[in-house]
Amino acid sequence: MKVLFSAVAILLLSNLAISQVQSKGTVTINVAGNRNKQIRVDNQTYTINNTLLNQKQQVVITTLENAQHPLEIVRLNNNNRTATTKTSFTLREGYDLTIAINQNGSVSSTEKRIVKNGTATKKPVTTAVYNKVYAATKAKTTSASRTSYLETEFATNKMYTSSQASKLIQLVNTESLRLRLAKQVYTHITDKQNFSVVVSLLNSTSHRTELNNYTALLDDESEDGDDDEVVGIVPITNERFKTIYNEVGAENIINDRNYYLINFFGKDYNYYTSAQVSQLIQLTTLETERFNLAKSAYRGVIDHENYSQVYQLLRNSSNRADLLAYIHSYNNTNVRTAMTAAEFNKIYQAASYQNSTNGRYNSVNTALTTAGNYFTALQAKQLIQLVSSESYRLTLSKAAYRVLVDRANYTLLNDLLNSTASKNDFNNYVSTFDNIYDTGAGIVMSDVEYNKIVSEAFQSGTNFFTVYQVRQLLLLVNGENDKFNMAKSSYDNIVDRNNFSQLYDLFPTAANRNALAKFAEDMDNGGAVVVRTPMSENDYNSLVRNLQFTFGIGAKMSALTKIFNEEANYFTVEQAKRLIEMVSAESNRLELAKLSYNNITDPLNFTQVYDK
């Protein structure tokens with residue numbers, strides 16, 4: 001009996017050991033163009049034999065362990081000399097990885113879950129859930145409100161059958177809105193072979209063709225239509241961050257806090273913003289711990305250009321210098337990667353759906369200024385081409401330059417500008433950015449820091465500028481409202497006020513151009529105009545954190561009422577809007593919106609609060 005038990009036990013333990021062996025994924029590397037000559041993975045060299053620009057060679061590797069692996073790219077530069085770029089990738093258990101090395105040397109990657117025995121197949125929502133969504137949609141009284149509600153629903157992880165989606169979209173009467181919803185829901189359909197019932201909702205032949213082309217493009221990108229594809233880098237959510245922050249803060253022993261954070265930052269699947277890193281590291285007190293955590297966290301930061309927020313937490317100048325050296329070394333061996341084709345297409349489609357120039361401008365500007373988004377010059381050009389206004393294109397080209405992975409190709413953006421003045425303006429911006437904004441040590445000064453420096457320069461009574469000098473400083477301010485307030489602040493320090501109108505074209509919005517001209521006219525006539533400066537990002541973020549940890553019935557409402565009653569507190573509409581969203585009752589939101597108006601620095605944008 002004992003012998004039998006031992007045999008069974010050995011068999012069970014063997015099976016358990018086998019089941020715990022990590023399954024290896026497949027790494028597929030697609031190399032484009034004739035400048036990329038070799039790639040090396042874990043010191044294994046693969047020769048690339050492309051002879052034409054449009055050729056692609058595929059390298060498939062199935063023997064790699066689930067871990068981080070070095071990747072080296074050997075390519076010819078413009079002088080036909082070889083240069084090596086070093087980066088790395090992580091192969092995770094349960095995923096295949098596809099890496100694209102583009103003709104210009106930029107790198108992007110996508111993961112796809114390995115489907116086994118159909119277990120990853122998603123099921124549509126139950127009849128009960130569907131009925132609730134249908135009833136809630138039908139309760140809306142207009143096509144616009146029904147569309148807005150369905151867009152929110154389709155943005156969740158819920159899956160639908162083609163029949164369910166068809167009945168929901170049928171509640172919207174406007175053809176263009178039906179088309180938009182049909183495109184959005186396609187990736188949430190469980191039976192795409194029946195999607196024709198959704199297509200049939202469109203009366204226009206051109207709309208049907210557009211939808212069919214769109215779905216065909218998505219099918220080509222996903223190959224097998226797997227909706228479990230993981231694309232790009234996603235930072236932790238605010239809810240997840242608050243949980244981590246509270247858990248770390250609950251540790252009474254500093255060493256335990258440090259241990260928790262080392263483990264969190266060490267996980268290669270955790271990503272976060274510089275602001276989140278700064279808040280977490282401030283929960284530790286020892287300089288040595290902060291220094292080690294700052295280095296460990298840099299890997300997962302999605303907005304490296306703002307990492308100076310963390311750098312400033314170090315009091316020891318030697319540690320600051322060592323951190324800069326570490327970042328410089330890291331950046332030289334880990335190149336920024338442009339977003340994948342799938343990610344880019346989503347952004348491009350979202351912008352192209354907008355029916356107005358302002359709508360497209362705002363959509364593209366949001367994409368270019370969202371932390372963690374990086375683009376090739378060609379991708380940026382395609383986005384900016386969606387906007388026809390010359391002034392908007394100039395503003396977007398400047399925003400794009402900050403997040404290009406191949407800045408050497410920035411002249412592609414120059415081609416979008418028609419006037420010589422715009423081209424010169426953009427080239428001056430590039431030159432100034434490279435010489436001033438980039439510290440050369442791996443950290444780019446954050447917008448908050450730069451804006452603070454410029455604001456202080458204009459507020460000093462001993463600093464005087466020509467309009468040209470003011471213009472050069474304002475060119476690097478990222479944000480029209482900040483730029484507008486600084487332009488007004490500079491007026492008293494300008495020695496050639498007769499040229500002040502040369503600043504007007506810095507503002508894409510006609511309302512701001514007109515308001516600045518009116519301001520100058522009032523000042524010339526002896527008027528006194530108070531310049532309101534919105535609360536700095538650091539102070540505002542601190543305010544938000546305090547409110548997030550304010551609990552109790554009516555506590556947030558009382559705190560916000562006090563904040564908006566304080567005359568010295570000024571906010572942009574966007575800042576005020578985010579604060580008002582922290583209370584849920586409609587009556588409270590209305591009261592706060594009214595109360596906030598006198599504290600707003602950009603009242604022309606106050607209509608953005610209405611949808612709250």
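Coordinate-derived values only; no laboratory data. Source: prediction; values computed, not measured. For neighbour counting, all protein chains shown are included, and Cβ atoms are generated from backbone atoms with ideal geometry for every residue, glycine included.
On a 26 Å Cα-Cα criterion, which of the cross-link pairs K86/K267; K138/K346; K112/K398; K140/K577 come out too long? Cα-Cα > 26 Å for K138/K346; K112/K398; rest within.
For segment 127-227, a crude dipole built from +1 on the beta carbon of Lys and Arg and -1 on the beta carbon of Asp and Glu, taken about the Cα centre, is about 800 debye to the nearest 20. About the centre of its Cα atoms, segment 238-333 shows a dipole size close to 80 debye [charges on the beta carbon of Lys, Arg (+1) and Asp, Glu (-1) only; nearest 20 debye]. Once you have a ≥ b ≥ c as the square roots of the Cα gyration tensor eigenvalues for segment 338-408, tell me rounded if a/c is under 1.5, and otherwise prolate or oblate according to whether a/b is larger than b/c. Since a/c reaches 1.5 but b/c is at least a/b, the shape of segment 338-408 is classed as oblate.
Evaluate the relative contact order of segment 127-227 (contact order divided by residue number), counting alpha-carbon pairs under 8 angstrom at least 6 apart; express in whole percent. Across segment 127-227, relative contact order equals 25 percent.
Stick to the Cα atoms of segment 238-333, pair each with every other, and give me the Kirkwood hydrodynamic radius in Å at one decimal. Value: 13.4 Å, from the Cα pair sum.
Remark: segment 341-437 carries a charge dipole of roughly 120 debye about the Cα centre, counting +1 on each Lys and Arg Cβ and -1 on each Asp and Glu Cβ. For segment 238-333, the relative contact order is 26 percent, taking Cα pairs closer than 8 Å that sit 6 or more residues apart in sequence and dividing their mean separation by the residue count.
The Cα center of segment 492-519 and the Cα center of segment 347-400 differ in position by 25 Å. The Cα center of segment 248-319 and the Cα center of segment 64-88 differ in position by 29 Å.
Taking a ≥ b ≥ c as the square roots of the eigenvalues of the Cα gyration tensor, segment 31-84 is oblate, since a/c reaches 1.5 or more and a/b is not larger than b/c. Look at the Cα gyration tensor of segment 127-227: its axes a ≥ b ≥ c give a/c of at least 1.5 with a/b at or below b/c, and that counts as oblate. Among the chymotrypsin sites (Phe, Trp or Tyr not before Pro) in segment 501-600, those located in a DSSP loop and surrounded by at most 11 other Cβ atoms within 10 Å of their own Cβ are F549, F551.
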